[in-house]
Structure formats: structure tokens, C-alpha cells
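Step one of this worksheet: look at the structure below.
Nothing in this text is a laboratory measurement; each read-out follows from the coordinates by a stated rule. Note that the structure is predicted; figures quoted are calculated from it, not measured. In this analysis, Cβ positions are derived from the backbone assuming ideal geometry, glycine residues included, and neighbour counts consider all displayed protein chains.
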Amino acid sequence: MDIVKETIKELRNLDINGTLSNVVITRLEPWTLSYVRYDDGTTGCGVANNELQVPDDVSFIRDLLNLNAYDVISELERRESNVFINSLLASIASALSYRLMNDEDALRGKGYDAETHVFPNPPFLDPSKFVKGSDVVAMVGFHMLVTPLCAEIAKEVHVTELMDLKKLSVMDSNGEKSNIKIFPAEKNEEVLSGADVVYITGETVVNGTIEDILKFSRNARLRILYGPTSAFYPKGLFERGVDISLPIIFPNTPDFRRRFVQSRGWWYFMKDTKQLLIKRRFHDVE
């Protein structure tokens, strides 16, 4: 969580302030969604994957509402670290970052190139932007949409997963060959060290694996961090060698929050959800 802690410090230095106004936690889909009310009355929101590791009693969060966001963060940091607390910290960091992440011009002013893409056609679903036919692609986390799309382009796709690999097994009576190979997470170093392009799920931020993953993948041509959990100000990511950030940015509207709550966290392809493509200025992704 060092990246998130450094991001929070940077946001404070940028004089971005607000109070924690709401937290939404879903247990069907693994999300912690936080809202921050800025000093000017506008709202920022951010989400993080909680891996469904949500305690039965989350009533303590009510005592944190309407407090200064940095005081809330200090209180959470005093608690025992776990995935759920990490998801709260990451989602609040993203909510504080919203003013920057929801504004291409603000990101450009900080030295980044940024493009906004509205669902259902985010750049994440077009691997040809990043992947060549000769590439070995490694993916930290199997993605039901993007993994097969990468496999249509790349020479090979190697996936590492924390889940029981039996859940990703397939019985195909016709015996069709696949260039997708799946490995347990214990093989991260072996798999990532030989990849040309590495996709890293933002979930690695909250489960504490991102630092090792970035170390193991240092030989890759491109390292891409993606997903809602990566929607915080990206300075710390790029300083650690991430080449491209593909965060999901949610609308900060009551209508979106209502749909998010009623669907129990199924935000995928909801209207006005967008994905940013962020890279350091002058960085060549070809």
C-alpha cells in the first residue's frame, strides 16, 4: 500500500481537501465505493476491489462520515492492515483524486497524456493498441473479456491467478488448442520476467502484491495497470515503472450511485462510466 500512501501525501501537497461523505460496500460484487465532498461542495468518488473480504460488522464506517478525509485515512491506518481496510484507503485516495482524474486538462497540466473513452468501447477492449503479434503477454489476473482478445493477437498469453485454477479449467470435446496458459500466482516471477507486455489488475494494489509484480516484470516493454482500483492520481505508479494506466472513472452522480446500489455493484457498461488512457508525456507505446 506504499503507492496509495504516497498518493495520499501527494494529494495533500496539492491542497486537495474534502470530507468523507458516503461509503457503499457490495458483497455480491467485490467493491468498496467512497465519496468525498470537496471544500467547494462538489463531489469525488472512487472505488477499490475488496476481494469480498468484508467483515460482518462495518458499522465503524458510520463514525467516519463527515470527517476530514485525511483524518479518516489516519484512523484507518491505525487499524490492523487487511484487504478491506486497504480497499477503503484506496477508494478514498481515488475519491480525492477525482478532481484530477475526471479532467484531461488537469492531468495534462501535471505532465501526463490522457485520453477519455466512454463505455462500451474503452481502450482496454482493444489490445491492438498495445500488443504485437510477436509478443508474449502476461496477465496478472484472468480477465474474461481481455484475456481472449489478447490471445487473438499475441504469440502467447500467460496468466497468473490467485484463485483455484480448477475454476478456470475447460473441457473441450473437440480438443481445440489454445495459446492461453494459466499458472498459479506462485509462478509470478517466472512468468512475468519473460513477458513483453504485462497487464496488471488494480486489485494488486489492495492485496499487497503490486510491488513484487513490478519488480518481476521490469524487463517488459509495456506494463499496464488497469481497472477501477487504479483510479487514483498516477504519479506513484509511473515512478515505479508503470507505463500505461487504464483506470475506470465512475460518474459522481446520485443516479449512478442508485444504480450501483440496486445492482449490488454491477457497474459494467453503465452509462457515463469511462476509461482513461494515461501515460507519461512523450512515452512511446508503439
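Annotations
- Fraction of alpha-carbon pairs over 22 Å apart in segment 204-286 - percent: 36
- Given the chain, longest segment not containing exposed loop chymotrypsin sites (Phe, Trp or Tyr not before Pro) (DSSP; at most 13 other Cβ within 10 Å): 1-267
- By other beta-carbon atoms within 10 Å, ranking MET101, MET270, MET163, MET144 with the fewest at the front produces MET144, MET163, MET270, MET101.
- DSSP beta bridges confined to the chain are antiparallel in about 55 percent of cases.
- The candidate values were (i) 0.99; (ii) 0.96; (iii) 1.07; the one computed from these coordinates for Rg/Rh (Cα atoms, Kirkwood Rh) carries the label (ii).
- Taking a ≥ b ≥ c as the square roots of the eigenvalues of the Cα gyration tensor, segment 77-201 is oblate, since a/c reaches 1.5 or more and a/b is not larger than b/c.
- Dimensions of segment 2-104 based on its C-alpha atoms, expressed as ranges along the principal axes with the largest first, amount to 35, 26, 25 Å.
- Percent RCO, i.e. relative contact order, over the chain, from Cα pairs under 8 Å lying at least 6 residues apart: 22
- Cross-link reach list, lysines versus LYS129, counting only Cα pairs under 19 Å and skipping chain neighbours closer than eight places: LYS155, LYS274, LYS279
- Cα centroid separation - segment 38-78 against segment 172-187, whole Å: 40
- Surrounding net charge for VAL205, when Lys and Arg each add one and Asp and Glu each subtract one, Cβ distance under 13 Å: -4
- Cα point-scatterer Debye curve for segment 111-280, base-10 log of I(q)/I(0) at q = 0.09, 0.12, 0.17 Å⁻¹: -0.32, -0.57, -1.09
- Order by protection proxy (mean Cβ within 10 Å, highest first), peptides 86-93, 18-25, 6-13: 86-93, 18-25, 6-13
- Residues considered: LEU192, LEU168, LEU52. Largest GNM mean-square fluctuation over the chain, using C-alpha springs under 10 Å, is found at LEU168.
- Charged side chains reduced to their Cβ positions (Lys and Arg at +1, Asp and Glu at -1) give the chain a dipole of some 300 debye around its Cα centre.
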